[in-house]
Amino acid sequence: MTDLSDIHHTHRLPSARQPASAAISLRRVSKRYARRNDAPLHVLDGIDLDIPHGQVVAVLGASGCGKSTLLNLIAGLAHPDEGAILVEGASTAAYADWRAVGYLFQDDRLLPWRTARDNVCFGLEAGSLPRAERRASAREALAAVGLAEFESAYPHELSGGMRSRVALARSLVNQPRILLLDEPFSKLDPGTRAQMHAELLAIQASRGMTVVFVTHDVEEAIVLADQVVILQPRPGRIREIAPVTLARPRSPSMPEVAELIRQLRVLV
Ligand SMILES: Nc1ncnc2c1ncn2[C@@H]1O[C@H](COP(=O)(O)OP(=O)(O)OP(=O)(O)O)[C@@H](O)[C@H]1O
Ligand SMILES: [Mg+2]
C-alpha cells in the first residue's frame, strides 16, 4: 500500500537516482511564449522530471498551467528556453526516432475528408507497410477502442467521444514505445471510460510502453498511474509527485484508492 506520508515529501520520481534508465527526462526546463504588447508568458519554470521506461505517469493541474505545453516539449513540437529534455537518452533536438512516440492531442485533429480507418492509417503511411497491412492494423486498433463498426464513418458522422477514441486508436497504431495522451478520456461516459482505461493498461502492459497522460480527473490519475505529477500554475512548477504503488486493477471503490484520491484532491 502507498505510504501516504510520502506524498507530501516526495518531490522526485524514484528513478531520479538512475536517470540512464529513464524514457523521458526533463532537467530544469523552462518555457516562455512571446506575446504581442506584453511581457513573455512564463508557462513552465524549472521542471525536473524523470519517467522510467514502462511507467504510466499522470499530469494534473489547473487549466492553463502548462500541461499541453509539457507534452509538446516532450514531443519535440516546442522547444524549451532553458534546460534539457531527453527522450530515450537523446536530446529532443537530436532524437531521431519520433515514430516511436505516439501523441494524442487535446483536440482530436482528425482529417474530415478521411474515414475513421483512414485517419488511423495516417500514422502508418510514412512506413513501408503494404496498404492491406496498414488497413488491417487500423481495423485492429479501431476494434480495440470499440469502433469496429464505424471504420467507414467520416469524423462528422461520429460523436465527440467516438472521435476521441479514433484519435486514441491513431496514437496506438504505430505501436509506439512512448505514448503521450492529452486528456484522452475527457469526452467519454463513465462506462466507456472504464473500458478504455482497461484497454490502455492491457496494451501498455503487453508492450511495456511508457505513457504520459494529462487529465483533470484525480480518480482517473490514481486508477491508471504509477506516478502522479501535480503542476501548479503561473509559471507551471511541480507542486507534488505522488507515487502510486497500489496493486492493479484499481477501483475508486477500494478503500486505499479512495483514500489516495481524497489526499490528492486537496493538492490539485
Ligand atoms: N503556442 C502558444 N503560443 C502562445 N501561448 C501559448 C501557446 N501554447 C500555450 N500557450 C499559453 O501557455 C499557457 C499554458 O497552455 P497549455 O495549453 O500548456 O495549458 P494546459 O495546462 O494544457 O491547460 P488546459 O487544461 O486548459 O488544456 C496558456 O496561458 C496558453 O495561453
Ligand atoms: Mg491542455
Need pairs with beta-carbon distance below 7 Å; first residue in a helix (DSSP H, G or I) and open to solvent by 10 Å² or more (accessible area, probe 1.4 Å) and within segment 49-73, second more than 9 Å from ligand 2 (Cβ to nearest atom) and modelled with pLDDT of 95 or more; sequence gap 6+ or separate chains.
Lys67/Val59; Lys67/Gly61; Lys67/Leu231; Thr69/Lys31; Thr69/Val43; Thr69/Leu44; Thr69/Ala78; Asn72/Ala78
Quick one: Arg109 ticks every box in (1) open to solvent by 40 Å² or more (accessible area, probe 1.4 Å); (2) closer than 25 Å to Gln227 by Cβ; (3) charged (D, E, K, R) except a single one, so which number is it?
(2)
Identify, by number, the condition in (1) in a helix (DSSP H, G or I); (2) of a type in the set (Gly, Ala, Ser); (3) surrounded by fewer than 16 Cβ atoms within 10 Å (Cβ to Cβ) that Ala247 doesn't meet.
(1)
Quick check: anything in segment 169-185 open to solvent by less than 30 Å² (accessible area, probe 1.4 Å), more than 24 Å from Ala58 (Cα to Cα) and out of contact with any Leu (no Cβ under 7 Å at 6 or more places or on another chain)?
no
Qualifying helices (runs of 4 or more DSSP H) (wholly inside segment 130-207; at least 1 residues being touching a Pro at 6+ places or on another chain (Cβ under 7 Å) and in contact (Cβ under 8 Å) with a residue 60 or more places away in the chain):
160-172
Scan Arg117, Arg139, Arg131 and give me the residue that is more than 16 Å from ligand 2 (Cβ to nearest atom), at pLDDT below 95 and over 18 Å from the mean Cα position of the chain (by Cα).
Arg131
Report whether or not Thr215 is in contact with a Lys or Arg (Cβ under 7 Å, 6 or more places away or on another chain), closer than 17 Å to Gln55 by Cβ and polar (S, T, N, Q).
no
Whether any residue in segment 121-128 is aromatic (Phe, Trp, Tyr), surrounded by 16 or more Cβ atoms within 10 Å (Cβ to Cβ) and in contact with a Ser or Thr (Cβ under 7 Å, 6 or more places away or on another chain) is what I want to check.
no
In segment 91-105, which residue that is more than 16 Å from ligand 1 (Cβ to nearest atom) and open to solvent by 30 Å² or more (accessible area, probe 1.4 Å) is nearest to Ile47 (Cα to Cα)?
Ser91
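The values are calculated or read from the model by the stated rules, or taken from the named source; none is laboratory data. Just so we're clear, the structure is a prediction, and the values are computed from it rather than from any experiment. Cβ atoms come from the backbone with ideal geometry, glycine included; neighbour counts cover every protein chain shown. For accessibility, only protein heavy atoms count, side chains too; no ligands or nucleic acids. Shrake-Rupley method; radii C 1.70, N 1.55, O 1.52, S 1.80 Å.
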